[in-house]
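Below you'll find the structure, written out as structure tokens, and then a few comments.
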Amino acid sequence: MAEPSGEVAVRDPDAVIDDIERTRENLAQTIDALTERVSPANVARQTLSEVREKVSGPQIRMVGGAVALVTVAVVAYALWRRRR
């Protein structure tokens, strides 16, 4: 690195190699984490999990129950009118 005075700082070659190896290892871990995060199978699994979590909520269950009740009532009414 250059010093503010314009001179280049001298570093121990072994320290530079150690720094490069640490940086390389950090980069490899970051790439592995990103690969895991954007894997299509993992994205699908995560999305499915989120949908299941939202659908199992009490509000959605109430709406689903109401829709089922209305559907049964409409079908029953249609069958009743057909028999008359």
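Observations
- Count Lys and Arg as plus one, Asp and Glu as minus one, and take only other residues whose Cβ is under 14 Å from that of G64; the net charge is then +3.
- When the alpha carbon gyration tensor of the chain is reduced to an equivalent ellipsoid, its three semi-axes come out at 69, 13, 9 angstrom, largest first.
- Relative to the longest principal axis of the Cα atoms of the chain, the long axis of helix 13-38 makes an angle of roughly 10 degrees.
- Crossing angle, helix 58-83 versus the chain [Cα axis fit, 0-90 degrees, rounded to tens]: 30 degrees
- Between the helical axis of 40-55 and the longest alpha-carbon principal axis of the chain there is an angle of about 40 degrees.
- Magnitude of the charge dipole, the chain, Cβ model with Lys/Arg +1 and Asp/Glu -1, debye to 20: 2180 debye
- The stretch 1-41 residues near the modelled S49 label - backbone nitrogen below 17 Å, point 7 Å along Cα→Cβ: 33-41
- Placing a label point 7 Å from the Cα of T71 along the Cα-to-Cβ direction, the residues of the stretch 27-65 with a backbone N closer than 11 Å are 64-65.
Taken together, the values in this text are just the output of simple stated rules run on the coordinates, not laboratory data. If you're wondering where the values come from, they're calculated on a predicted model, not measured in any experiment. Note that we place each Cβ from the backbone using ideal geometry, even for glycine, and neighbour counts take in every protein chain shown.
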